Each structure stands twice: as structure tokens, then as C-alpha cells.
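Participant: So that we are looking at the same thing, I have put the structure below in C-alpha cells.
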Amino acid sequence: MRILKVTGKDELSLQEQIQKEYGDKAIIITSQEEKRKSLFGIKSRSIWNMTIAVEDNEVEILPPLDLPDNKSKKIEPRPRIEPNLRSEPRYKEQRVEYRSPAPKSQPVSPKTEADPQNGAVITLRKILRDEGIEDDVLQEIFSQAYDDNLDAVSRSIYYTLNKLMPKFHHNLPKINFFIGPTGVGKTTTIAKLTALKVLQEKKKIVLLTADTYRIAAVEQLRTYADILGVPIETIYNDEEVGQYLEKWKDADHIFIDTAGRSHKNLEQLSELEQLLFKCEDKQIFLVLNMSTAYRDVQNIANIYEKITKDFALIITKLDETDAIGNLMNITFRTKKPIAYITTGQNVPNDIEKFENLQYVKLLIGRLNYE
Ligand SMILES: Nc1nc2c(ncn2[C@@H]2O[C@H](COP(=O)(O)OP(=O)(O)OP(=O)(O)O)[C@@H](O)[C@H]2O)c(=O)[nH]1
Ligand SMILES: [Mg+2]
């Protein structure tokens, strides 16, 4: 879905124009008149601004892993050109770039390992390490590569990801919890998902917030709830959750926001555990910032796994880091599916379903070769 701002001379003609261009795929979110001064400020005229959400019809069908014409090419390092990530998230940028139709691909079946003494392999390892991939993860990747060329290593990364990470099926259950360290983007991610579910899928969403630690936290979620016109309830103790689930039993999805917990604060974590324990048939999303240092990822995973072993990941703030290899580390450590990645602060645009293949291509796009 895309959110667009459109402008016209009056409301009716603008509606007609939207209808003509987008048909039923557009939903009007806001419609406002704006007074504008003429060039010399003598007369003012009015124009209409509308914010619309347009469903993208174009489903981005990603080809299976296929790196044409480089099957046997050896890897030669070249200087990297860094795109401006802040204005254009790299994840999206690459998504367009790789939209070439290319069928067929088989999972890697390792034949012989890449020669660790080979110059190209050494170079490739170094590049991947620069992307933030830890040595034990590299070890796993290279032990699966059947040759010293880029294609073999690409396939091995893809294979490793598929092997480590169970697939996430995006048909969410009714009850969905969002847990994770402070400030990683839990509330913002809930707002993004709520907007997508409401606007795109016409689902009935109810928000519950158990984050009563910070006064502003409830208000933050309430603001999004008001804009999207969805009910929101505050849970002050875990006993209340059952009554809200009963009250909103006709909702399609209930998203439950929780207070950011430092993985070092055991008391808060045990409260969270009790809250999770009150609900059955739930999806738990552990939200992690992409830039979290690997050692912290390990500590966070250790602690949260004591509360629950059954969770999927949402990796946030991909737009804030240049090294995207940490995602491999997170997968290697947690062996959990990555459901979504987020790429900025905009609600609801900056969220995407995670695709293994797309990620591998993005990573491989960072490796320069002849
Ligand atoms: N750059 C960037 N910022 C993000 C992203 N997601 C969230 N943020 C920002 O991160 C900050 C914290 O987001 P919140 O959603 O409040 O995080 P939280 O996990 O709910 O925080 P607590 O409830 O305090 O634990 C806000 O400024 C968000 O706008 C993202 O994908 N990219
Ligand atoms: Mg929050």
C-alpha cells in the first residue's frame, strides 16, 4: 500500500480524479481545504488536499535465487558506493532493482566446501564480516558453499537462512503480543500493522496496552488508535486481560502493546511472563532493533527465551544501519522466523513482510565482483 497526497481545485473534482486514476484501490484518509495566497498576496484561493491510501496491485513477485551470468565468476573486491540510506531505505531500493523475472533455483546441496585458503573466499569473508556477520555465522555459511565463486556463496547464504529460520505464515491469530527491549519500535510497529490491517484488509482491530509505566505510552498508542478509528483499552494488571478479550471477542485481531523491558530488569520481565501466561493461542512478536550488538542480541534472546520459546521476530530500524549482516547473526542465534522488518518512522509505510530471498539478494548486492 502507498500513502499519497493529492491536490486539486475542489473536493468533487479531486474525488473524480482519484476515482479515475485508482478506482476502488484508493481509500481517502483525510480531506482538507487549504487557503493559498496568490503570488502577490492580494487574493487568496482555496485548493483541496487529500491523503489517500492506494492498494498496490502490482504484487512484487520475487524470483527464486538466481544470479545470472555469475555462476563461475570469481570474486574481486571493488570499492563500495554507499547510497543515502536516510532518504531512501536500502531495502526498498533493492526490491525494485531485483524485480527481474528469473525462474528456477534449487536449494544448495553442498558438494565440496569452498577452499578457505582461496583468495576470493578470503575477500568474500572479509566483505561479509564488514557487513556485520559474526565469525561463527560465517563459518556456517562457508561450510555450506560448494565452490569459491559468488554464486556458490550466495546460494549458501540463502540455504543457511532457510535452514535456520522457520517460515513465518502471515495469517495472524486473534491475540498478538509485542514484546521487547525499550525503544525498539514496538508501539510504532503496532500502529503500522494496525493501519495496514484496517485500511488494506478491512479487519477489525482492537488495541490493548499494558504499558502503564510511562504516562506518555498509553497516549502514544491512543493517538494512532484515534486516527485509525480503532478501540483501545488499557490493562493495569494481568487479571484484566481476560475481560477485555471477552469484551472484544468479535475482533479479528487484538494487538497488545507491552512496556519496553530492559532484559536486565527481572521483576518487569516476570510481570510480562504472567501477562503472556494469561492468554492461549497467541502470537508473540519479539521486536529487536537491527543495530543491536550481537552480544546484546544473545543476552536478550537468553532472557526472553526464559519467558517464552515460542515467538517470531520483528526487526526494526533497518534504515538506521549500513551493516545489514546482523540479521544473519540474529537468525543464527534465535533460529526464529522474522515476520516483518521496518525501515523508518512513517506509519504505515515503513514496514514490510520479511522475505529470505530478497534479503539475500540485498546482501549479495553489497558484494562487488567482476
Ligand atoms: N528510524 C526508525 N525509527 C523507528 C522505526 N520504528 C520506530 N522508530 C522510532 O523509534 C522510536 C521509539 O519507537 P516506539 O514505537 O515508541 O518504541 P517502543 O519499543 O514502543 O518503546 P517503549 O515503549 O518505550 O519501549 C520512535 O521515535 C519511533 O519513531 C524504524 O523502523 N526506523
Ligand atoms: Mg511503546
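Participant: Got a number for residues in the range 290-316 being loosely packed, with under 15 Cβ neighbours inside 10 Å and touching a residue at least 40 places away in the same chain (Cβ under 8 Å)?
Facilitator: Total satisfying the criteria: 0.
Participant: Would you tally the residues in the range 146-178 being hydrophobic (A, V, I, L, M, F, W, C) and touching a strand residue (DSSP E or B) at 6+ places or on another chain (Cβ under 6 Å)?
Facilitator: Total satisfying the criteria: 5.
Participant: If you don't mind, there's one more thing I want to ask. Residue by residue through the range 223-238, note down the ones that are part of a helix (DSSP H, G or I) and buried (at least 17 other Cβ atoms within 10 Å of the Cβ).
Facilitator: TYR224, ALA225, LEU228 - these are the residues of the range 223-238 that are part of a helix (DSSP H, G or I) and buried (at least 17 other Cβ atoms within 10 Å of the Cβ).
Participant: Could you grab me the full set of residues in the range 213-222 that are more than 11 Å from ligand 2 (Cβ to nearest atom) and either β-branched (Val, Ile, Thr) or buried (at least 24 other Cβ atoms within 10 Å of the Cβ) (or both)?
Facilitator: Within the range 213-222, just ILE215 meets the criteria.
Participant: For ILE256, are the conditions met, namely being of a type in the set (A, V, I, L, M, F, W, C), within 16 Å of ligand 1 (Cβ to nearest atom), surrounded by fewer than 21 Cβ atoms within 10 Å (Cβ to Cβ) and assigned by TED's automatic domain parsing to the domain that holds GLN345?
Facilitator: So ILE256 does not fit the description; no.
Participant: Looking at the structure I just gave you, is LYS186 of a type outside the set (A, V, I, L, M, F, W, C) and either under 18 Å from LEU275 (Cα atoms) or out of contact with any helix residue (DSSP H, G or I) (no Cβ under 8 Å at 6 or more places or on another chain) (or both)?
Facilitator: yes
Participant: Would you mind finding the one in PHE255, PHE311, PHE285 that is modelled with pLDDT of 90 or more and away from ligand 2 (no atom under 16 Å from the Cβ)?
Facilitator: PHE311
Participant: Looking at the range 124-139, is at least one residue within 18 Å of the chain's Cα centre (by Cα) and either assigned to a loop (DSSP other than H, G, I, E, B) or free of Cβ contacts under 8 Å to residues at least 40 places away in the same chain (or both)?
Facilitator: Of the residues in the range 124-139, the ones within 18 Å of the chain's Cα centre (by Cα) are none.
There is no residue in the range 124-139 that is within 18 Å of the chain's Cα centre (by Cα) and either assigned to a loop (DSSP other than H, G, I, E, B) or free of Cβ contacts under 8 Å to residues at least 40 places away in the same chain (or both).
Participant: Looking only at residues in the range 258-288 that are of a type in the set (A, V, I, L, M) and touching a residue at least 40 places away in the same chain (Cβ under 8 Å), which one is farthest from GLU233 (Cα to Cα)?
Facilitator: Only one residue tops the list, namely LEU288.
Participant: Would you point out the residue of the range 164-199, among those that are crowded, with 20+ Cβ neighbours inside 10 Å and basic (Lys, Arg), that is farthest from ligand 2 (Cβ to nearest atom)?
Facilitator: LYS197
Participant: Specify the residue that is modelled with the lowest pLDDT; the eligible residues are those in the range 200-212 that are within 13 Å of ligand 2 (Cβ to nearest atom) and of a type outside the set (D, E, K, R).
Facilitator: Within the range 200-212, the match that is modelled with the lowest pLDDT is THR212.
Participant: Filter the range 184-224 down to residues that are within 12 Å of ligand 1 (Cβ to nearest atom) and of a type in the set (D, E, K, R), then give me how many there are.
Facilitator: Summing the residues that are within 12 Å of ligand 1 (Cβ to nearest atom) and of a type in the set (D, E, K, R) in the range 184-224 gives 5.
The values are calculated or read from the model by the stated rules, or taken from the named source; none is laboratory data. Source: prediction; values computed, not measured. Glycine also receives a Cβ, built like all others from the backbone with ideal geometry; neighbour counts cover every protein chain displayed.
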